[in-house]
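Enquirer: What follows is a structure written as structure tokens; I'll ask about it next.
The values are calculated or read from the model by the stated rules, or taken from the named source; none is laboratory data. For clarity, every value in this text was computed on a predicted model and none was experimentally measured. A quick note on method: Cβ atoms are made from the backbone with ideal geometry, for glycine too, and the neighbour counts reach across all protein chains shown.
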Amino acid sequence: MKELLILGAGTSGTMMANHLRKTLPKKEWNLTIVDQEETHYYQPGFLFLPFDLYKSKDVKKKIDKFIPKGVNLINAKIERIDKDNDIVWLKNDTSLKYDILIIATGTNIAPQEIEGMLGDHWYQSVFDFYTFEGARNLRNKLRQWEGGKLVVHISEMPIKCPVAPLEFAFLADSYFINKGMRDKVEITYVTPMSGAFTKPKATEALDYLLKQKNIKVVPDFNIERVDAEHKKIIDYGGEEVSYDLLVTVPTNMGDAMIERSGFGDELNFVPTDKATLQSKVKNNIFAIGDATNIPASKAGSVAHFEAEILTDNIMRYIAGKALKKEYDGHANCFIETGHGKALLIDFNYNQEPVKGTFPFPGIGPLSLLKETHMNHMGKLAFRWIYWNMLIKGKHIPFVSAKMDTAGKELEESN
Amino acid sequence: MVVEKIYGEVCVTCNEQGYLTDLNQWTKDIGLEIAKEEGIEMTDKHWEVIDYLRDQCKKQVPLSIRKIGKSGVVSIKEFYQLFPKGPLKISSRIAGIPKPVSCI
């Protein structure tokens, strides 16, 4: 028997287990997946939890519920990968031999990377919403907060779900209006990027919304430290922003296991071919989702599109065929804008988000880069799609892994 | 959109944000002219950073402020002192390499 080993049973790893158990011959291949958690979190829900729009139970399910029959799930911490001997060592000193390895260990927040971010003030006046604990603690804080300066902040790029902090700012505006206290809250959006988004057309649309919602933007802010005593963040250029409540996205890093294994970049992301998803570490090691260093969004939609292509490429690798250079950076994200509306963006490595209709050209029903109620319904429906289709490796109808240009208003910018 | 620009007596092509579109058109004199536009007086330390950036770019290594801070060439703090405001954007322009993209 041959061994295929998947590290991480989050969105990417679970999808790969589901895809591969269907495609790999059971008589020839054992399939094993390792994760230290017992809970599978619906991470997009962390955005809604602080505003009491979702409850804790909406975002948590047992991890084994989504691992198909015929896949061996091991609940353990991973020590390191010994790539030269094709072995993964677990913390409990057991070892797992593999023929093919898929790294799907994702990314996590690393608040310890920013001076002064952690301390007694963590989860008192400084919060993240990228973890279940962070989102829940922030919810409890917001329930009793009486107002003041709310600063929504990104520490450094890349981060998981790059639009989430913007959505947080939009939803905060909506939340405080509904509570009748918007006049008591000043919302500031602080980013290391030059604008709300890195691509011009989306920035234009989002800047308009930020202005409309009276959210101040501080761009080009690279944080050096948090001065919790005086409640301010300070950037390397000496610029300061004061807060009463800081909601930050700390530095995002890949798993420390990657560093212990002796590869990974300065943020512990796995060097990966951006078109084939084969790692640059060794031919029999592949990587998917947030764990890679490819220049695509760290997002569930990206993992979903990658999974279809990676499944093909693993089968090709086993058959000794050339890998398909097919992944084009396709990402598809809803952007919640508050008051029951959302935007939708669909883009890839080369094509920036533009206006148009999705998924049916000229029809929709979803509108690209335009604030509509229908898009918001799409975002809410996505939770059902996630639990019932996405992580089970089912194809989402009418949405292909490679980005479709039909229905998009493409101009000279291509 | 690509525009032509003249630095000294040399004509180079730039994008609309003033970044050279061809790494090979760059010379130290052109870098010096761009630095003037950015209001930066170049020292040996500045050039050391520029050399590092060009070298990394040729090796197709994606650049970030964190990466430069760990390079051993300058600390992040020094990098900000050398190229105030947006150090990576400004230094990349002087180095004649593309504007670094932060991943989205």
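Enquirer: Quick test for you: out of A:GLY289, A:GLY338, A:GLY356, pick the one residue that is touching a strand residue (DSSP E or B) at 6+ places or on another chain (Cβ under 8 Å), among the small types (Gly, Ala, Ser), more than 20 Å from A:GLY10 (Cβ to Cβ) and in contact (Cβ under 8 Å) with a residue 40 or more places away in the chain.
Expert: Within the list A:GLY289, A:GLY338, A:GLY356, the selection yields A:GLY356.
Enquirer: Which one of the conditions (1) out of contact with any helix residue (DSSP H, G or I) (no Cβ under 7 Å at 6 or more places or on another chain); (2) over 23 Å from A:ILE223 (Cα atoms); (3) not basic (Lys, Arg) does B:VAL12 fail to meet, given that it meets all the rest?
Expert: Evaluating B:VAL12 over (1) out of contact with any helix residue (DSSP H, G or I) (no Cβ under 7 Å at 6 or more places or on another chain); (2) over 23 Å from A:ILE223 (Cα atoms); (3) not basic (Lys, Arg) leaves (1) as the failure.
Enquirer: Any idea which of (1) surrounded by 14 or more Cβ atoms within 10 Å (Cβ to Cβ); (2) over 15 Å from the mean Cα position of the chain (by Cα) is the one B:CYS11 doesn't satisfy?
Expert: Just one mismatch for B:CYS11, condition (1).
Enquirer: Going by what's in this entry, would A:ASP265 be described as free of Cβ contacts under 8 Å to residues at least 24 places away in the same chain and within 12 Å of chain B (Cβ to nearest Cβ)?
Expert: No, not satisfied.
Enquirer: For the range B:62-78, what are the residues that are more than 8 Å from every other protein chain (Cβ to nearest Cβ) and either at negative phi or at pLDDT below 90 (or both)?
Expert: B:LEU63, B:ILE68, B:GLY69, B:SER71, B:VAL73, B:VAL74, B:SER75, B:GLU78
Enquirer: Are any residues in the range B:15-29 among the aliphatic types (A, V, I, L, M) and either at pLDDT 95 or above or touching a helix residue (DSSP H, G or I) at 6+ places or on another chain (Cβ under 7 Å) (or both), and if so, which ones?
Expert: Answer for the range B:15-29, where residues must be among the aliphatic types (A, V, I, L, M) and either at pLDDT 95 or above or touching a helix residue (DSSP H, G or I) at 6+ places or on another chain (Cβ under 7 Å) (or both): just B:LEU23.
Enquirer: Filter the strands (runs of 3 or more DSSP E) completely within the range A:297-414 down to those with at least 3 residues that are on the phi > 0 side of the Ramachandran plot and charged (D, E, K, R).
Expert: Once the strands (runs of 3 or more DSSP E) in the range A:297-414 are filtered for at least 3 residues that are on the phi > 0 side of the Ramachandran plot and charged (D, E, K, R), nothing remains.
Enquirer: Would you kindly identify the strands (runs of 3 or more DSSP E) lying entirely within the range A:1-92 that contain at least 2 residues that are touching an Asp or Glu at 6+ places or on another chain (Cβ under 9 Å)? Break it down stepwise before answering.
Expert: Details: elements: A:2-7, A:29-35, A:39-41, A:60-62, A:72-75, A:78-82, A:87-90.
In the range A:1-92, the matching strands (runs of 3 or more DSSP E) lie at A:2-7, A:29-35, A:72-75, A:78-82, A:87-90.
Enquirer: I've got another one for you. Only one of A:PRO165, A:PRO192, A:PRO158 is in contact with a Cys (Cβ under 7 Å, 6 or more places away or on another chain) and either outside the structural domain of A:SER297 (by TED's automatic domain parsing) or in a strand (DSSP E or B) (or both); which?
Expert: A:PRO158
Enquirer: Let me ask you something else. B:ARG93 - would you say it is within 14 Å of chain A (Cβ to nearest Cβ), surrounded by 14 or more Cβ atoms within 10 Å (Cβ to Cβ) and part of a helix (DSSP H, G or I)?
Expert: Criteria met by B:ARG93.
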